[in-house]
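Okay, structure first, notes after.
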Amino acid sequence: MSNAKRTSCVQCDLPCREDAVAIDGQHFCCSGCATIYRIINEGDTNPAYLEDIQLSRAGSSDTYSFLDDEEMQLQLLSYRDDNHALINLSIPRIHCSSCVWLLENVYRMETGIISSNVQLMRRKVSIRYNPKATSLRRIIELLSSLGYAPELTPVDQKQRTPAQNRTLLLQLGVAGFCFGNMMLLSFPEYLSGTENVSANFRNFFGYVSIFLSLPVLFFSAKDFFRRAVNGLRHRRITIDVPLSLGMIAFYIRSLYDILTASGMGFMDSFAGLVFLLLIGRWLQERTYGALAFERDYQSFFPISVTRIEQDGSKTIPLFRLKPGDRILVRQNELIPADAVLMAGDAKIDFSFVTGESAPQRYEVGAHVYAGGRQTGTTIELQITREVSQSYLTQLWNEQPFRQPKHPLSNFADRVSGIFTIAILLIAIVSALYWLPIDVVIALNAFSSVLIIACPCALALSSPFALGQAQRLLGQYRLFLKNPGVVETLAGISHIVFDKTGTLTHSKETKAEYQRICGETAEEAISLAVAAAKLSAHPLSRSIAALGSSSIREAMSFEEIAGNGIKARVEKRTIRIGSAEFTGAKTSNSETVSYLKIDNQIVGYFTFRQAYRTGMRGMFNLLLPSYSLSLLSGDNAAEETNLRNIMGGAAALHFMQSPKDKLNYIGRLQENESVLMLGDGLNDAGALKQSSCGIAVAEDVHSFVPACDAIMNADELQSLPKFLKLAKHTLTIIKMNLGISLAYNLVGLSFAIQGTLSPLICAVLMPLSSISVIFLASSGVHLSAKYLGFDSEKMQAQASSISEPAKSYLPTGAAA
Amino acid sequence: MSVIFLLIIIGLLFSGCFLAAFFWAVGNGQYDDDYTPSIRILFDDKPSTASTKDLSHTEIETKTATRINIVTED
């Protein structure tokens, strides 16, 4: 069975995952590819085929009947009037160009749909339809039947609006336009050598420069001034303060020079400065649009529940659920609110919510908490508390969730405080020196110092170095919310780990066989593997992993949901499953699967948590430089194992509630900078409270709590390497500070003498900026190579993981 | 040589038109997604029967674009 899963799509050659589409024995990675393949094969160049598609709609099922609810629609739709409605849907399944093609052709499959537009990198589709001709429910059912079930969440995630990104682009465009033209207008002055440019021309060029500089000052540069003023109001000096100071000095001095015809002014350098700084700002806003870093519990809970009413059961939106309602929760569904168990076989997995690794059994009449996942068959619950009042969601009332995490002041901001004061001192001193000699030269010197000391280079080294690091880490599937997180990672002194789902696999376990009687262990395992191979259940997969060389084949196979599997192997009946299923007598409450061969129970499988690969090596590398802690919601059964790999100095705490974890980190933070790694809702508080929170996920597109970075679980072992890269990046930024100071000194030597000419300025500033940019980017790149990051290997791997390779590169965020 | 006054003014006006075109392109959403259009160029043209629904494409676009701006500037 594991071999079949590695096939490649017949149409596009990307590897097929578990949810591949299979038609007539051929495998496709998605229904987009399947449809295109059939169109091409049937020689049909005019795809009226799409109109003829008889899709087996989930018509009889009422999974999506909650979408008929008016208020639900209002929450989901972006726009609605009598004739048009627009819905933006997130569909994680979108991954290839065939998906784009199919989804942009849905207007031919459903008459009410007007058009649709896919954003591949963000995995979003935007569908425009006529609410009179079709309904939201029918559209979603159509998508679902095509294999593109959308992820429905009513809560808007706090991303940058498209309007904000567009403004930045416009500012960049204006600055570039004006800069280029002003530069050209300055050439006569720079290139004239000993001859002077005729006064007429010089004035003309000057006035045109002033005209072009107005949009730069008032439109492109306005955000720098705004941020500087905001920072000063809060008594913080950010890098925007010396930048704004320099820009104002530029402008006033140049205006004076041009209007009094005493010089060319520095307008072109000014515009060039703004242009480069805006590029830096654009880099700082880069994030991964397809991932969600800001989710809260509402995105975790289902959007709808099945409520039992007098005339049967009905799917309703979650917000309509009230205490006293009775609901049905099926296998693998979440319990949406605190409730009492009324009927059914409840085996609930709370690992995502409390960290306990073993599912709990409940008796009828017991209280069950929201957030657990039912692993048995359908149960009936009576709601006791509103969704927002449940034990779990109370966590979100805690302090850290109320305000946005304020970023630690970054290096550039810290330096700019001292820098501004130093520059002002130098300016004032040189002005005072020249004052008794010549007032004009004094003013000249004063403004020149402010101009040449404008920290353009410093302001650029951070975005470029951090942006490069963010990109590299993204290729290794550690996706940072923004480049600033790199700096936070560089300053970490204490690392806290969650256990269940972070250090251990969230679904996979290690199976161990214990023989009771009958066949030998090898024989029994071999037979069991033959049966277990055919089941997709996580426990079956663990059993199947025990015997990779088994060549036995099962002749028949049956899976009984929630209980076990039954198969015939070489004329013997194999049953693997729970105690009731196999008829074993046990008082054990641990997860155990009994093996029954031909009516005799020959042994059982126990399942231990499987630690991810490389954990021991990872801790060995981390121990010398970091303090380590473990906070687990599970019991202390694994304490010795963990002590073994984490070392004697690590602090291990078990049975931690989400609030305990939050408080622990709060206490640590009085002295240290803390990095938290977790995966579930029980870590949500800790991730928020910590200086940097990384959510570890096996599927980065699935739900993760709000965090600063999302890491693919396979890469956890590379954590030491990631942290080293962050440290090196910060070192490179500091080195660039030295270089930019050197440039500043050269410039200052002209400025204090009052001999700073526009030509010198126009040469020095771009030169310093470009050299800093180059050194920042290549420095980080070389450092990564030295640390063992192999970007070519990662690129190759990326394109083989059914993802567009570009999805590992951050882009400007937009809806 | 004094014709340079006129030339520079005309040059600026002309390039200003390009800047205006840039503004229009950004406002039209062409810079929101720079990857998917590269895939779309490979698709076949849509058959003409399908697009003549209630409103024309551009009318819907401007309507929804304005609405989106209002919604997201909250």
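The values are calculated or read from the model by the stated rules, or taken from the named source; none is laboratory data. Nothing here was measured: the structure is a model prediction, and the numbers come from that model. Cβ atoms come from the backbone with ideal geometry, glycine included; neighbour counts cover every protein chain shown. Heavy atoms of the whole protein, side chains included, go into the accessibility calculation; ligands, DNA and RNA do not. Shrake-Rupley method; radii C 1.70, N 1.55, O 1.52, S 1.80 Å.
Please go through the range A:616-638 and give me each residue that is open to solvent by 10 Å² or more (accessible area, probe 1.4 Å) and over 21 Å from residue A:686 (Cα atoms), ordered by number.
Passing the criteria: A:616, A:617, A:620, A:621, A:623, A:624, A:625, A:637, A:638.
Condition first: without any contact (Cβ under 8 Å) to a residue 60 or more places away in the chain, open to solvent by 50 Å² or more (accessible area, probe 1.4 Å) and either touching a Lys or Arg at 6+ places or on another chain (Cβ under 7 Å) or not charged (D, E, K, R) (or both). Now tell me which residues in the range A:535-559 satisfy that.
A:537, A:545, A:546, A:548, A:549, A:551, A:555, A:556, A:557, A:558
Confirm whether residue A:98 is more than 24 Å from the chain's Cα centre (by Cα) and at pLDDT below 80.
When the stated conditions are applied, residue A:98 does not pass them.
Based on this model, can you work out whether residue A:496 counts as within 30 Å of residue A:735 (Cα to Cα) and either of a type in the set (Phe, Trp, Tyr) or in contact with a strand residue (DSSP E or B) (Cβ under 7 Å, 6 or more places away or on another chain) (or both)?
no
If only one of A:511, A:412, A:422, A:453 is among the small types (Gly, Ala, Ser), at pLDDT 90 or above and open to solvent by less than 50 Å² (accessible area, probe 1.4 Å), which one is it?
A:422
State whether the residues of the range A:291-309 include one that is surrounded by fewer than 20 Cβ atoms within 10 Å (Cβ to Cβ), polar (S, T, N, Q) and closer than 30 Å to residue A:387 by Cβ.
yes
Out of (1) in a loop (DSSP other than H, G, I, E, B); (2) out of contact with any strand residue (DSSP E or B) (no Cβ under 9 Å at 6 or more places or on another chain); (3) away from every other protein chain (no Cβ under 11 Å); (4) acidic (Asp, Glu), what's the single condition that is false for residue A:82?
Going through the list (1) in a loop (DSSP other than H, G, I, E, B); (2) out of contact with any strand residue (DSSP E or B) (no Cβ under 9 Å at 6 or more places or on another chain); (3) away from every other protein chain (no Cβ under 11 Å); (4) acidic (Asp, Glu), residue A:82 breaks only (3).
Among the residues in the range A:599-608, are any under 37 Å from the mean Cα position of the chain (by Cα), within 26 Å of residue A:507 (Cα to Cα) and open to solvent by less than 60 Å² (accessible area, probe 1.4 Å)?
Yes, the range A:599-608 has at least one match.
Please go through the range A:114-139 and pick out each residue that is more than 9 Å from chain B (Cβ to nearest Cβ) and not basic (Lys, Arg).
If the condition is that a residue be more than 9 Å from chain B (Cβ to nearest Cβ) and not basic (Lys, Arg), then A:116, A:125, A:127, A:129, A:131, A:134, A:135, A:136, A:139 are the ones that fit.
Is it the case that residue A:240 is among the charged types (D, E, K, R), out of contact with any Leu (no Cβ under 9 Å at 6 or more places or on another chain), buried (at least 17 other Cβ atoms within 10 Å of the Cβ) and under 17 Å from residue A:761 (Cβ atoms)?
Taking the combined requirement at face value, the residue does not satisfy it.
Among the candidates A:252, A:303, A:316, which residue alone is over 33 Å from the mean Cα position of the chain (by Cα) and either touching a residue at least 12 places away in the same chain (Cβ under 8 Å) or more than 30 Å from residue A:369 (Cα to Cα) (or both)?
From the options A:252, A:303, A:316, the qualifying one is A:252.
Got a number for residues in the range A:663-686 being over 19 Å from residue A:710 (Cα atoms) and buried (at least 23 other Cβ atoms within 10 Å of the Cβ)?
Within the range A:663-686, residues that are over 19 Å from residue A:710 (Cα atoms) and buried (at least 23 other Cβ atoms within 10 Å of the Cβ) number 1.
Taking the range A:168-187 only, how many residues are over 39 Å from the mean Cα position of the chain (by Cα) and either in contact (Cβ under 8 Å) with a residue 24 or more places away in the chain or surrounded by 16 or more Cβ atoms within 10 Å (Cβ to Cβ) (or both)?
Residues that pass the stated criteria total 5.
State whether one or more residues within the range A:263-276 are surrounded by fewer than 21 Cβ atoms within 10 Å (Cβ to Cβ) and at pLDDT below 90.
There is at least one residue in the range A:263-276 that is surrounded by fewer than 21 Cβ atoms within 10 Å (Cβ to Cβ) and at pLDDT below 90.
Being open to solvent by less than 20 Å² (accessible area, probe 1.4 Å), within 14 Å of chain B (Cβ to nearest Cβ) and more than 23 Å from residue A:427 (Cα to Cα), is that true of even one residue in the range A:217-225?
Checking the range A:217-225: at least one residue is open to solvent by less than 20 Å² (accessible area, probe 1.4 Å), within 14 Å of chain B (Cβ to nearest Cβ) and more than 23 Å from residue A:427 (Cα to Cα).
If I ask for residues that are open to solvent by 80 Å² or more (accessible area, probe 1.4 Å), at pLDDT 60 or above and within 25 Å of residue A:108 (Cβ to Cβ), which ones from the range A:1-49 would you list?
A:24, A:38, A:40, A:41, A:42
Determine, yes or no, whether residue A:202 is open to solvent by 40 Å² or more (accessible area, probe 1.4 Å), of a type in the set (D, E, K, R) and more than 14 Å from chain B (Cβ to nearest Cβ).
Answer is no for this residue.
Yes or no: residue A:209 more than 12 Å from chain B (Cβ to nearest Cβ), surrounded by 20 or more Cβ atoms within 10 Å (Cβ to Cβ), closer than 24 Å to residue B:11 by Cα and polar (S, T, N, Q)?
no
Got a sec? Which of A:71, A:110 is among the acidic types (Asp, Glu), within 14 Å of another protein chain (Cβ to nearest Cβ) and in contact (Cβ under 8 Å) with a residue 12 or more places away in the chain?
Exactly one residue qualifies, and that residue is A:110.
Say whether the condition of being touching a residue at least 60 places away in the same chain (Cβ under 8 Å) and within 15 Å of residue A:415 (Cβ to Cβ) is met by at least one residue in the range A:714-732.
Yes - at least one qualifying residue is present in the range A:714-732.
Go through the range B:19-43 residue by residue and tally those that are at the interface with chain A (Cβ under 8 Å from one of its Cβ atoms) and either surrounded by 10 or more Cβ atoms within 10 Å (Cβ to Cβ) or part of a helix (DSSP H, G or I) (or both).
Result for the range B:19-43: 15.
Hey, residue A:193 hits all of (1) open to solvent by 50 Å² or more (accessible area, probe 1.4 Å); (2) of a type outside the set (Asp, Glu); (3) within 14 Å of another protein chain (Cβ to nearest Cβ); (4) over 40 Å from the mean Cα position of the chain (by Cα) but one; which does it fall short on?
With (1) open to solvent by 50 Å² or more (accessible area, probe 1.4 Å); (2) of a type outside the set (Asp, Glu); (3) within 14 Å of another protein chain (Cβ to nearest Cβ); (4) over 40 Å from the mean Cα position of the chain (by Cα) applied to residue A:193, the lone miss is (3).
Take the residues in the range A:150-167 that are at pLDDT 85 or above and surrounded by fewer than 19 Cβ atoms within 10 Å (Cβ to Cβ), then tell me which one is nearest to the other protein chains (Cβ to nearest Cβ).
A:167
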